[in-house]
Amino acid sequence: MGLLIGWEARRLKIPKSHPRYKSLTTREKLVKAVERGLAVKEGLIAHGRGEAFDYLLGEKTTGFAEKAEKAAAAYLLRADAPVISVNGNAAALAPKQLVKLGKVVNAKLEANVFYGKRVERIEQITRELKRNGARKVLGSNPDARIPGLKGQRALCASNGIYASDLVLVPLEDGDRTQALAAMGKTVIAIDLNPLSRTSLAAKVSIVDELTRAVPNIAGFATGFKRNPKQIAETIREFDNDNNLSALLKFIRDRLAKL
Ligand code: PTJ
């Protein structure tokens, strides 16, 4: 009986009119991704944490996030060898958007996982990205290590993350972000938690929801291609510490008003 209820509940269609339609369908997407081994159970917990922070932001892209997204687009276009690192949650939630961004800014895609059986999971992520238009995905033959990290998190491709000058890390764990920054790479993070070690260690910290942030970055990058003079100016004007602290004040003021 319990099983039947679970099964039927899973099959319940969420009506489009539901006020939390997007949030509920996103959860379903992640649950399904866990069931087929693309994402891990721990990814559900990470997502829940992200949702809680998104409430504090009003569940929309703030002006501070938009500034960081614009700076990210500028850094990505200026980089010589940019790489987008893709884990299970990112592949489950925004495969098409990540592939498109890779094409717009000419960045390689590299699959990377924190949890679970690496070979199988990298294969799943690669398949998902290819199903969404990626021609090549690095990560299945790791032949280099990120110094200072233990275990499978350190594994990477010598012609991908290892050789890159910039890595975009959506939903990354703090140790890996810090290790990449210590290698001298420009790290751009997408993380709804402005207090995470990832957000604090990144050169550009985008505090926004992944599926909102990635198309925004691609949109800014397309604009820069028409007007490349703005790239250097945008990078010069962006101050990540100021932007993060202004965002924290925004949250404080918003809560005070509420
Ligand atoms: O697929 P794997 O094995 O590589 O695992 C992926 C997860 C995400 C489980 C792993 O990297 C992990 O445990 O990450 P953390 O340390 O929990 O960090 C994830 C961060 O992303 C948290 O700070 C969340 O607030 C944030 N986050 C979660 N969902 C979103 C998000 N940020 C933006 N958009 C989201 N949808």
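To keep it simple, each residue is scored yes or no on (1) of a type in the set (S, T, N, Q); (2) open to solvent by less than 50 Å² (accessible area, probe 1.4 Å); (3) free of Cβ contacts under 8 Å to residues at least 24 places away in the same chain.
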| site | (1), (2), (3) |
| --- | --- |
| 102 | no, yes, no |
| 108 | no, no, no |
| 114 | no, no, no |
| 125 | no, yes, no |
| 138 | no, yes, no |
| 150 | no, no, yes |
| 169 | no, yes, no |
| 183 | no, no, no |
_Filtered residues of the range 60-73 (kept if away from the ligand (no atom under 11 Å from the Cβ) and surrounded by 15 or more Cβ atoms within 10 Å (Cβ to Cβ))_ = 61, 62, 64, 66, 67, 68, 69, 70, 71, 72, 73
*Hey, could you check the range 147-173 for residues that are charged (D, E, K, R) and more than 12 Å from the ligand (Cβ to nearest atom) and say which is farthest from residue 73 (Cα to Cα)?*
150
*If you check every pair at least six apart or on different chains, which have Cβ atoms under 6 Å apart with a residue in the range 23-44 that is under 23 Å from residue 60 (Cβ atoms) first and a residue that is open to solvent by less than 50 Å² (accessible area, probe 1.4 Å) and not in a helix (DSSP H, G or I) second?*
24/14; 25/14; 30/39
*Among the candidates 220, 238, 224, which residue alone is over 18 Å from residue 107 (Cβ atoms), of a type in the set (A, V, I, L, M, F, W, C) and open to solvent by less than 70 Å² (accessible area, probe 1.4 Å)?*
238
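Residues are listed down the side, and each one gets a yes or a no for (1) touching a strand residue (DSSP E or B) at 6+ places or on another chain (Cβ under 7 Å); (2) assigned to a helix (DSSP H, G or I); (3) farther than 24 Å from residue 200 by Cα; (4) of a type in the set (Gly, Ala, Ser):
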residue	(1), (2), (3), (4)
67	no, yes, no, no
72	yes, yes, no, yes
85	yes, no, no, yes
102	yes, yes, yes, yes
109	yes, no, no, no
115	no, no, no, no
120	no, yes, yes, no
123	no, yes, yes, no
_Sole exception among (1) farther than 17 Å from residue 96 by Cα; (2) touching a Gly at 6+ places or on another chain (Cβ under 7 Å); (3) open to solvent by less than 40 Å² (accessible area, probe 1.4 Å) for residue 120, by number_ = (3)
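The values are calculated or read from the model by the stated rules, or taken from the named source; none is laboratory data. For clarity, every value in this text was computed on a predicted model and none was experimentally measured. Positions of Cβ are generated from backbone atoms using ideal geometry, with glycine treated the same way; all protein chains shown enter the neighbour counts. Heavy atoms of the whole protein, side chains included, go into the accessibility calculation; ligands, DNA and RNA do not. Shrake-Rupley method; radii C 1.70, N 1.55, O 1.52, S 1.80 Å.
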